[in-house]
Amino acid sequence: MSTLAVDIRSIVKRYEGHVAVKDLSLQVPKGAVYGLLGPNGAGKTTTIRMLLDIIAPDSGSIAIMGVSNTASGVLDRVGYLPEERGLYKRMQVRRLLHFLAELKGVSKRDASQRIDEWLERLDLKTAAKDWGNSKVDELSRGMQQKVQFIGTLLHDPDVVILDEPFSGLDPINAQALKDTVVDLRRRGKTVLFSTHLMDNAERMCDSVCILARGEKVLDGGVAEVKAAHGGSHIALGLTGASTPAVDAVLADRSLVGRLDDSSRFFEIELAPGADAQLLLRRLIDAGAGIERYERVQPSLHQIFLEKVGASGIETGMSGHG
Amino acid sequence: MGKMFAVIKREYLERVRSKWFVVATVFGPLMMAVLTILPAYMASKTTPSNEVANIVILDASGTGLGDRISQQLGALGRTPQVRAIAPAGIALAESTATREVIDKSFEGYLVVDALTQSGERARYAGRNASTIPDIERLQDATRGAVLAMRFEAAGLDAQKVQSLSSVKLRLETERLTEQGRGSSGRGNVVLAYVVALLLYMSIILYGQSILMGVIEEKTQRVAEVVVASIPSDKLLAGKVLGVGAVGLTQQVVWVTSGLLLLKFQQPIMKAMGLPAVGMQIPQVSIGTGLAFFAYFVLGFIFFTSLFAAAGSMVSSTQDAQQVSTPLTFLIVPSILLLTPVLLQPNGTLARVVTLIPFTSPILMPVRMSITSVPWWEVAASITILIATCLGAIWLAARIYRVGVLMYGKKPSVREVLRWVRLAR
């Protein structure tokens, strides 16, 4: 039995005029929370759609839980929340959930029981009101999002794939989703999600893969990725606003290789061979009021910018998925 | 298979539960009932009324013609008033009578004069001047009176004239075909029309229905969740079969209630105090019935799968019209060709169009209901239809597979062809 929940090998997907995914290989271990990061148009959704056999790769192979994803029944073990979300608006919630469960091969009796459990867990069924008997379009947007979660997880999948799960969620549902991911991981399920929100990825993921222009830029455990890029990063905090003299020091390319400027807080990547002590002295000479000056591991955000670069984001914007 | 059944079940139940379906299914037979009963009702309304005798006759003939007409009309139970006037007083008498008609003392007035006597013309003015049976009755009475007077002038006895000239004759019609005398030639033509219209309506209605369903899945963004769980060709097949089952359910209700209506038509009409319509349940053999069923199912699958594919090409209901119109053009010729096929059911045109898969689902049942079609022609037509059906499903599945996840502008024909080539 394979220890990989998802094993993607050298997949390629070409569309007329451009290559959406170039020779991508990914291994997601069982029980991991895995982040697929990248700007819009990096090929995340295309990859996920190929994973779910919605579209076929031009070449390469995909296995889920050790079995080819085209084998019958494999996808019944996968739960999928697409980026474009929606429900049959005129259907009754309970009937809709029954339909989604049936599409995943859940027996009718099991489905009834699980639907009630989920509706109660997410407060859609209370002593006062059972929303399960309402039509989808009678529900608020937040409630519809809950119904969508239930639809994704109703068949108790071993692998859960979430495409941009946080987009459009209100804070309460976003928290509920995070809790759910934690709960799934505790129960040994594998979660793969795509996002361009690095903060979420950094907090939730065990491993990540950064994609840009259809190619893998880097992948690995979050700690390893950060360690591999650490050492030359400095977090700088100022007491007040930056002055022209301070800006001049930070603009010195012989000291500062890359700068993420947040007005009073800076994440600095030292230029190759630059001395951190020298930079500190220059800043003090320039009259900077320093609150914090610390060698740090880079944030995923920083690594992402460094690896993908502004150009990657811009060219990516024009593509789809 | 279980998943496809889930799709069939959803499509079927969601549609059958809708108000629209219930209304249409109940309304159909109701319309049929109205269409059967209404003509009889109209016919009963259009027999000449008593009102025809409630007139005044202005007699300027000076020969007592007015009294004779009055007698003829008197058979209806009421004798019209006759006013003998001089030819010069016609204008004055007319204006008096006009006022009386407006006051509703009479229904109208009839003017007879020397011209009437000579058999040229009489004039009538009244509120019922546009009621054809009344006017016919009036004309018959006037003509009869003139005729009777002429016979008497020629020396015939008045009694004899009465008995000789009263001939009540009705022309009953019966249709002869190459197959000999059909018990109800008209019944089969009616059957042909009914079959054609039911098939046509079903295909158009449910074609649109499946088209809107597919677009709805796209606009409500449900499509991706569904295609992640079931291959799109199975999804398409499930939709077509589910919607087909809805159409079939409706047809069964309609046809059954139609047959019941025909069967119990006479007692129903009697209860309503109306004369029965001479229409019988058309004789249809089991083989023909099965062929009707096969054409319905195949025609339905053929067109609805094309409609589903068309729906997958667009992403808004506004664009739906643009893709459904070309498909409607494939169906409309069947209705345009209906009359030519009915007139010459064994002509070359009828033979050809019942082989062409776009027209055969509607026109072959039509042809079969008025004439006996050689079995090999039916077999050939069904074989061609099945082959085209498979082709249509294959094509539709490929378009659907790509189209259902495409958003944005409507694709060009070239793009759609590329989808067909590249899908899977």
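For the reader, a short list of remarks on this structure follows.
- Selection within segment A:69-93 - small (Gly, Ala, Ser), touching a helix residue (DSSP H, G or I) at 6+ places or on another chain (Cβ under 8 Å) and either within 8 Å of another protein chain (Cβ to nearest Cβ) or surrounded by fewer than 19 Cβ atoms within 10 Å (Cβ to Cβ) (or both): A:Gly86
- 1 or more residues within 14 Å of chain A (Cβ to nearest Cβ) and touching a helix residue (DSSP H, G or I) at 6+ places or on another chain (Cβ under 6 Å): qualifying helices (runs of 4 or more DSSP H) within segment B:202-271: B:223-227, B:232-263
- Taken as a whole, the structure places A:Val160 among residues that are at pLDDT 90 or above and either farther than 26 Å from A:Ala5 by Cα or surrounded by 20 or more Cβ atoms within 10 Å (Cβ to Cβ) (or both).
- Hits in segment A:257-298 (condition: free of Cβ contacts under 8 Å to residues at least 12 places away in the same chain and of a type in the set (Gly, Ala, Ser)): A:Ser262, A:Gly273
- Qualifying residue in segment B:401-412 (condition: within 30 Å of A:Tyr15 (Cα to Cα), charged (D, E, K, R) and without any contact (Cβ under 8 Å) to a residue 40 or more places away in the chain): yes
- Residue within segment B:348-360 that is of a type in the set (Phe, Trp, Tyr), within 25 Å of B:Val255 (Cβ to Cβ) and not in a loop (DSSP other than H, G, I, E, B) present: no
- Breaking point among (1) part of a loop (DSSP other than H, G, I, E, B); (2) facing another protein chain (nearest Cβ under 9 Å); (3) of a type in the set (S, T, N, Q), for A:Ser167: (2)
- Top-ranked residue of segment A:96-109 - restricted to ones that are surrounded by 19 or more Cβ atoms within 10 Å (Cβ to Cβ) and of a type in the set (D, E, K, R), ranked as farthest from A:Pro157 (Cα to Cα): A:Glu102
- Screening segment A:182-201 for residues that are within 18 Å of A:Glu83 (Cβ to Cβ) and at pLDDT below 90 and picking the one that is surrounded by the fewest Cβ atoms within 10 Å (Cβ to Cβ) gives A:Leu197.
- Subset of segment A:255-267 (residues that are out of contact with any strand residue (DSSP E or B) (no Cβ under 8 Å at 6 or more places or on another chain) and more than 20 Å from A:Gly309 (Cα to Cα)): A:Ser263
- In the set (1) closer than 23 Å to B:Leu405 by Cβ; (2) surrounded by fewer than 20 Cβ atoms within 10 Å (Cβ to Cβ); (3) touching a helix residue (DSSP H, G or I) at 6+ places or on another chain (Cβ under 7 Å), the condition left unmet by A:Gly17 is number (3).
- Selection count where residues are outside any helix (DSSP H, G or I) and aliphatic (A, V, I, L, M), scope segment A:181-203: 3
- Some residue of segment A:136-146 being within 14 Å of chain B (Cβ to nearest Cβ), free of Cβ contacts under 8 Å to residues at least 40 places away in the same chain, basic (Lys, Arg) and more than 23 Å from B:Lys9 (Cβ to Cβ): yes
- Per-region count, segment B:1-18, residues in a helix (DSSP H, G or I), within 11 Å of chain A (Cβ to nearest Cβ) and surrounded by fewer than 19 Cβ atoms within 10 Å (Cβ to Cβ): 4
- Positions within segment A:16-31 being farther than 20 Å from A:Glu164 by Cβ and either within 14 Å of another protein chain (Cβ to nearest Cβ) or in a strand (DSSP E or B) (or both), in sequence order: A:Glu16, A:Gly17, A:His18, A:Val19, A:Lys22, A:Asp23, A:Ser25, A:Gln27, A:Pro29
- Complete set of residues in segment B:368-397 that are without any contact (Cβ under 8 Å) to a residue 40 or more places away in the chain and either within 30 Å of A:Arg49 (Cβ to Cβ) or of a type outside the set (Gly, Ala, Ser) (or both): B:Val373, B:Pro374, B:Trp375, B:Trp376, B:Glu377, B:Thr383, B:Ile384, B:Leu390, B:Gly391, B:Trp394
- Inter-residue pairs, beta-carbon under 9 Å, first under 15 Å from B:Ser229 (Cα atoms) and facing chain B (nearest Cβ under 10 Å) and in segment A:52-63, second of a type in the set (S, T, N, Q) and crowded, with 19+ Cβ neighbours inside 10 Å, 6+ apart: A:Leu52/A:Asn69; A:Leu52/B:Ser229; A:Asp53/A:Asn69; A:Ile54/B:Ser232; A:Ile55/A:Thr46
- B:Ile393 over 30 Å from B:Ala228 (Cα atoms), aliphatic (A, V, I, L, M) and more than 14 Å from every other protein chain (Cβ to nearest Cβ): no
The values are calculated or read from the model by the stated rules, or taken from the named source; none is laboratory data. From a predicted model like this one, the values you see are computed outputs, not experimental measurements. Methodologically, a virtual Cβ is constructed for each residue, glycine included, from the backbone with ideal geometry; neighbour enumeration extends over all protein chains shown.
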